[in-house]
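Some notes on the structure that comes next.
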């Protein structure tokens, strides 16, 4: 038979007894595109697959052999997440399928991407002894926030009372911690019974033990944790990024309809992992909870980083769903809570936020919560004085930050926000945040700044004035406004047309897997994806671009739209004035533009031209192409070869009249212009190859037609030797020894090309 449907072709032959009994025959299938089956399976799938099924009989027993091979498989999970398999191979051999089945099922997958895990290999084996008994083995290696390994074995059995699974061995490596099972753990599941009989795990130097049962209407369970390493929590809470230990005890008992429980939890020596915030003191914490009659009462504190501990008290509704045993927080029942703290903000900020910025200052917090979860009521305040904010990526710094946030019934009100940039710049703001969970906490925040330094990096400084409005919610928001630059200075560095070596990079240990195209590493300018942008940026002038021989002033208008994590920039910047120095000459910037095309790659298109009037021609340097791959070209009016243009610009003469030394300088300048040999050109490449500090060609002092070569090297600190010789066969060699005897004072001695001696003292003062 041949069946074709949805990019799938199945061929083979089957013999099916009409009176019943085993089926014999074989089928071979080719699935050219699994995406055609997405609607049928109820989720997005893609890739290709092939299978072979062989059915045979042994007496009256039905035997089955199956092989399944998949390539480039992807299965949609939750929104925005997929499970990806480079290859997956399944084989199964089962005898007496319809009677007392026995056999083995094996699965091996290669290069698996599942949430945060990148697994080089994943295997699963199921030894089927009978319908009522079997063994399971699983193994995996790869990367999960660091090297990952898992080996697991277990057995299951089934009888009239239910099923029992015994986890007999567990050996894993997760986040640098070895996880092992201390003794076999038993899990039982029956019609009216669930039980965990003493599960004991060692996690690094810590230990976790649990047991519990649900029988009919009764619930009982305990959990004990000793020195559990907090580093492992990164798996369950991406971005937690902390070290320290957790210890605690929890107990639950009672009935499904009215359970009760108690717990204590203690944290010791908790610190952020990042080396950027190693100065955060170790944090300790303790929380106690009592659950009774559908209410959970909490009391806790954090200490170790401020004069006044963080103190928390809360009374919350907490219910358990009798059938599923799922916990839930009723939204319409009253809550009560208090949160207080006072001291230095820095350690708390470093613990709770990313490493891109620092925020310090004196904080005072006193908040009272009431109402219900779907209609919160808040009173109290948060005050910050003597604050200082610094972003380590942009260099943005705000000093003398003062802020007051007040609770006003169903909203938080930003009554005061003022700061300065340490110079003449000022910033102020106000706003509100509504405590409406159903609407995802609507907010409206306005900020105004005047002559404020917004960027202060080595390569870029920018001072601007403007107003910005952040309006929306924690699900979707818009950042809009107009910014007018006061002065901007961009330093391109001193390298012109450097040779760039592209490296193949493999990103690992990233929370969302490898970076996507146009996505930057954390700290590289990303913003939250739920924020859209609508910003007008006006550059009226005083925007200076310097470096790579360019000294220029610019003006223009830009519009920034799109999402904050993928901004789209459109607009044009044009030169007001400027010049371009290259080959020792200054070219005047005549015309051009830097155009942002309205894409997310932030790679503007250059179209610039600078001119220099030389003997008998006008030389033109044209800079075109993208900023990431610029093209520099030397042309002229009237048109001439580049070497001729360079000869007239550098030396005011025709190329045919150049001396050997001048020809070498022309070649080096042209190499620098084109980027050959890196920014330093041919001479620098030769100097580095020879391992010397100085290499130069010049004209002989008494004979311009002769070329001299000078080689120099610092043999030790403060001692320099230079040798010079002409290129003619009868040329003589001169040598110079220079020794620094005092700061700014050097003694020089040596021989001349005429056979004489020389000695002298040099004094130099840089001021």
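Within the range 11-22, can you find the residues that are surrounded by 12 or more Cβ atoms within 10 Å (Cβ to Cβ) and closer than 20 Å to residue 63 by Cβ? So that I can check it myself, show each step before the final result.
Step one: list which residues in the range 11-22 are surrounded by 12 or more Cβ atoms within 10 Å (Cβ to Cβ), which gives 11-12, 14, 21-22.
The answer is 12, 14, 21, 22.
Taking the criterion of being surrounded by 15 or more Cβ atoms within 10 Å (Cβ to Cβ), over 22 Å from residue 564 (Cβ atoms) and more than 31 Å from the chain's Cα centre (by Cα), would at least one residue in the range 461-481 satisfy it?
no
For the range 301-326, enumerate the residues that are assigned to a strand (DSSP E or B) and over 32 Å from the mean Cα position of the chain (by Cα).
Here is the first cut: in the range 301-326, the ones assigned to a strand (DSSP E or B) are 301-303, 308-317, 319-320.
Within the range 301-326, 301, 308, 309, 311, 312, 313, 314, 315, 316, 317, 319, 320 meet the criteria.
Against the definition (out of contact with any helix residue (DSSP H, G or I) (no Cβ under 9 Å at 6 or more places or on another chain), at pLDDT below 95 and surrounded by fewer than 17 Cβ atoms within 10 Å (Cβ to Cβ)), how does residue 295 come out, yes or no?
Values: out of contact with any helix residue (DSSP H, G or I) (no Cβ under 9 Å at 6 or more places or on another chain): yes; at pLDDT below 95: no; surrounded by fewer than 17 Cβ atoms within 10 Å (Cβ to Cβ): yes.
So residue 295 does not fit the description; no.
Which number in (1) in contact with a helix residue (DSSP H, G or I) (Cβ under 7 Å, 6 or more places away or on another chain); (2) surrounded by fewer than 17 Cβ atoms within 10 Å (Cβ to Cβ) marks the one condition that residue 175 misses?
(2)
Is there a residue in the range 359-378 that is in contact with a helix residue (DSSP H, G or I) (Cβ under 6 Å, 6 or more places away or on another chain) and more than 24 Å from residue 478 (Cα to Cα)? Don't jump to the end; show me each part of the working.
Residues of the range 359-378 that are in contact with a helix residue (DSSP H, G or I) (Cβ under 6 Å, 6 or more places away or on another chain), as a first pass: 359-360.
Add one more test, that the residue is more than 24 Å from residue 478 (Cα to Cα), and what stays is 359-360.
Within the range 359-378, one or more residues are in contact with a helix residue (DSSP H, G or I) (Cβ under 6 Å, 6 or more places away or on another chain) and more than 24 Å from residue 478 (Cα to Cα).
Here is a list: 231, 240. Which entry is within 20 Å of residue 145 (Cβ to Cβ) and either in a strand (DSSP E or B) or without any contact (Cβ under 8 Å) to a residue 24 or more places away in the chain (or both)? Outline the logic, then answer.
Numbers: 231 fails: either in a strand (DSSP E or B) or without any contact (Cβ under 8 Å) to a residue 24 or more places away in the chain (or both).
240 is the lone residue from the list that is within 20 Å of residue 145 (Cβ to Cβ) and either in a strand (DSSP E or B) or without any contact (Cβ under 8 Å) to a residue 24 or more places away in the chain (or both).
Scan the range 18-45 residue by residue and report those that are touching a strand residue (DSSP E or B) at 6+ places or on another chain (Cβ under 9 Å), more than 29 Å from residue 76 (Cα to Cα) and without any contact (Cβ under 8 Å) to a residue 40 or more places away in the chain.
Those that are touching a strand residue (DSSP E or B) at 6+ places or on another chain (Cβ under 9 Å), more than 29 Å from residue 76 (Cα to Cα) and without any contact (Cβ under 8 Å) to a residue 40 or more places away in the chain: 21, 23, 24, 25, 26.
Hey, could you check the range 617-654 for residues that are part of a strand (DSSP E or B) and touching a residue at least 60 places away in the same chain (Cβ under 8 Å) and say which is nearest to the chain's Cα centre (by Cα)?
630
Among 148, 165, which is the only one that is over 40 Å from the mean Cα position of the chain (by Cα) and either modelled with pLDDT of 95 or more or surrounded by 15 or more Cβ atoms within 10 Å (Cβ to Cβ) (or both)?
On the way: 148 fails: over 40 Å from the mean Cα position of the chain (by Cα).
Exactly one residue qualifies, and that residue is 165.
Among the numbered conditions (1) closer than 30 Å to residue 335 by Cα; (2) at pLDDT below 90; (3) in a strand (DSSP E or B), tell me where residue 271 comes up short.
Status for residue 271: all satisfied but (1).
Please work out if residue 308 is touching a strand residue (DSSP E or B) at 6+ places or on another chain (Cβ under 6 Å) and over 30 Å from residue 391 (Cα atoms).
It is false that residue 308 is touching a strand residue (DSSP E or B) at 6+ places or on another chain (Cβ under 6 Å) and over 30 Å from residue 391 (Cα atoms).
So, of the residues in the range 631-654 that are more than 28 Å from residue 605 (Cα to Cα) and touching a helix residue (DSSP H, G or I) at 6+ places or on another chain (Cβ under 7 Å), which turns out to be surrounded by the most Cβ atoms within 10 Å (Cβ to Cβ)?
647
If a residue must be in contact (Cβ under 8 Å) with a residue 24 or more places away in the chain and under 31 Å from the mean Cα position of the chain (by Cα), how many such residues does the range 421-431 contain?
Residues that pass the stated criteria total 4.
Of everything in the range 50-73 that's buried (at least 16 other Cβ atoms within 10 Å of the Cβ) and under 34 Å from the mean Cα position of the chain (by Cα), which residue is farthest from residue 108 (Cα to Cα)?
73
Any residue in the range 591-614 that is free of Cβ contacts under 8 Å to residues at least 12 places away in the same chain and on the phi < 0 side of the Ramachandran plot sitting within a Cβ distance under 6 Å of a residue that is in a strand (DSSP E or B) and buried (at least 19 other Cβ atoms within 10 Å of the Cβ)? List the pairs, counting only those 6 or more apart or interchain.
Nothing qualifies.
The values are calculated or read from the model by the stated rules, or taken from the named source; none is laboratory data. Quantities reported herein were computed from a predicted structural model and do not represent experimental measurements. Every residue, glycine as well, gets a Cβ built from its backbone with ideal geometry; the counts of neighbours run over all protein chains shown.
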